[in-house]
Amino acid sequence: MSAAFGKCYDPSGGQYGIPTYPWRYAPDGLATRRQLRARGLRPGGQPIVAQVLRPRYRRGPLVAYLYRVDRAKPVRPMTPGKRVALAKAMRARRTCPVCRTEAGYVIPSSLGMCVPCAYPDEQRAA
């Protein structure tokens, strides 16, 4: 057993307070949020049952919390109102605040405006 594997293996929960497993070694019946979502489920208010750790070089480990699959609830269906609200939010992310045109892509938050407004000289040269 490698040293990294040993640091991440604590099924009793003595070291971290909850059962801890190495990356990709979680027991059957437990899943992360993303794995639940892929199955059409959500945690549904249940507490975190365990965690999975992935050690990294010179940084803290990556942590993924695990939930019980048998206690998960189905994902709530998309309502028409929610669909309209999400469409408006995405349209707002694509609209440039300077020229008020829809860019066709999500405006980069680093620029705060569309690319032609951020770099007008380079657009004229092209």
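The values are calculated or read from the model by the stated rules, or taken from the named source; none is laboratory data. On a predicted model such as this, the values are computed, not experimentally measured, just so you know. In this analysis, Cβ positions are derived from the backbone assuming ideal geometry, glycine residues included, and neighbour counts consider all displayed protein chains. With ligands, DNA and RNA removed, areas are computed over all heavy atoms of the protein, side chains included. Shrake-Rupley method; radii C 1.70, N 1.55, O 1.52, S 1.80 Å.
Counting only residues 5 or more places away or on other chains, whose amide H sits under 5 Å from the amide H of LEU41 once H atoms are built in the peptide plane?
The answer is VAL75.
Can you work out the Karplus-derived ³J(HN,Hα) for every residue in region 61-73? Use 6.51 cos²θ - 1.76 cosθ + 1.60 with θ = phi - 60°, whole Hz, and x for glycine or proline.
Once rounded to whole Hz, the list reads x, 6, 10, 10, 7, 10, 10, 6, 6, 5, 9, 6, 10.
Residues of the chain: accessible area per residue at 1.4 Å, in Å²?
Normalised by residue count, the accessible surface of the chain is 75 Å².
What is the extension gain from ARG94 to ARG42, computed as 0.36 nm multiplied by their sequence separation minus the C-alpha to C-alpha distance, in nm to one decimal?
Details: separation 52, 0.36 × 52 = 18.72 nm, distance 2.93 nm.
Gain on stretching ARG94 to ARG42: 15.8 nm.
Roughly speaking, to the nearest percent, how much of the chain's 1.4 Å accessible area is carbon and sulfur?
On the way: 5040 of 9390 Å².
Roughly 54 percent of what the probe reaches on the chain is carbon or sulfur.
Mind listing the long-range amide H neighbours of TYR21? Cut-off is under 5 Å, sequence gap 5 or more, other chains count too, H placed in the peptide plane at 1.01 Å from N.
ASP10, GLN51, VAL52, LEU53
Give me the percent relative contact order of the chain, please, defined on Cα pairs under 8 angstrom at least 6 residues apart.
17 percent
Would you calculate the separation in nanometres between label points at ARG33 and VAL75, each defined as 7 Å from the Cα along the Cα-to-beta-carbon direction?
A separation of 1.4 nm, rounded to one decimal place.
Using label points projected 7 Å from each Cα along Cα→Cβ, tell me how many nm separate ARG58 and ASP121, to one decimal.
Using points 7 Å along Cα→Cβ, the separation is 3.7 nm.
Taking 7 Å along the Cα-to-C-beta vector as the label spot, tell me the ARG83-ILE18 distance in nanometres, rounded to one decimal.
3.5 nm
Where in region 1-110 are there chymotrypsin sites (Phe, Trp or Tyr not before Pro) that are in a DSSP coil and have at most 16 other Cβ atoms within 10 angstrom of their Cβ?
TYR9, TYR16, TRP23, TYR25, TYR57, TYR105
Can you list which of the trypsin sites (Lys or Arg not before Pro) found in region 28-61 are DSSP loop residues with at most 13 other C-beta atoms within 10 Å?
Qualifying residues, ordered by number: ARG39, ARG58.
Students often get this wrong, so try it: which of (1) 0.98; (2) 1.02; (3) 1.20 is Rg/Rh (Cα atoms, Kirkwood Rh) as calculated from the structure shown?
Calculated Rg/Rh (Cα atoms, Kirkwood Rh): the matching label is (3).
So what's the angle, to the nearest 10 degrees on a 0 to 90 scale, between helix 80-94 and the longest Cα principal axis of the chain?
That helix lies at roughly 60 degrees to the long axis.
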